[in-house]
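Novice: One structure, as structure tokens, below. Some questions next.
The values are calculated or read from the model by the stated rules, or taken from the named source; none is laboratory data. Treat the numbers as computed from the prediction; the structure is a model and nothing was measured. When we count neighbours, we look across all protein chains shown, and the Cβ atoms used for this are built from the backbone with ideal geometry, even at glycine.
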Amino acid sequence: MTGPESEGSQVRRAVCPGSFDPITNGHLDIIARASRLYDEVYVAVMINKSKKGLFEIEERIELIRQVTAEYANVRVEAFHGLLVDFCKQRDIPAIVKGLRAVSDFDYELQMAQMNNGLTGVETLFVPTNPTYSFLSSSLVKEVAAWGGDVSHLVPAEVLEALNKRLAKG
């Protein structure tokens, strides 16, 4: 056998989790960077039954698949429950998270320590590209809902879906 799974070699896997409602250029930047560091990158789209998103889970997954199609090592799946269980089921030892600001770090550090304590999964923090340091899905939705231009904040496919969804009311 040759390639990444040959003897003495182990496939390096990581996960980029989030709700991605919708995916932004900031999310895409972190996923792209992770795809250069790992053999396989899972984008885990969180299902939160108690929270009504703008896009259904299947729509989010499809949009993410479209905008990550150029990365052959990226897989997109839905998950509910604990992220560490998602990781354990797929033999994923690392979570990759983007940090926009110090305020993100406070919360994410607690989550990283909890995840590591539960199963030994490591969390790697990647500083966000300064271009996207203010960016969030919530902000994109709010600006777009008020007719603001978000074309520089989301991939073209997402902008089209966002405009269609908001036009429906």
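Novice: Hey, any hits in region 77-89 for a residue that's closer than 22 Å to T128 by Cα, acidic (D, E) and at pLDDT 95 or above?
Specialist: No, the conditions are met nowhere in region 77-89.
Novice: For region 21-72, which positions are among the hydroxyl-bearing types (S, T, Y) and without any contact (Cβ under 8 Å) to a residue 40 or more places away in the chain?
Specialist: S35, S50
Novice: While we're on this one: Residues that are over 16 Å from the mean Cα position of the chain (by Cα) and of a type outside the set (S, T, Y): list the helices (runs of 4 or more DSSP H) wholly contained in region 39-146 that include at least 3 such residues.
Specialist: 83-89, 102-119, 137-145
Novice: Hey, among the residues in region 11-37 that are assigned to a loop (DSSP other than H, G, I, E, B) and hydroxyl-bearing (S, T, Y), which one's surrounded by the fewest Cβ atoms within 10 Å (Cβ to Cβ)?
Specialist: S19
Novice: Further question on the same structure: V154 - would you say it is closer than 18 Å to A44 by Cβ, under 15 Å from the mean Cα position of the chain (by Cα) and touching a residue at least 60 places away in the same chain (Cβ under 8 Å)?
Specialist: no
Novice: Could you please let me know if I92 is touching a helix residue (DSSP H, G or I) at 6+ places or on another chain (Cβ under 8 Å) and β-branched (V, I, T)?
Specialist: Here the answer is yes, as I92 does meet what is asked.
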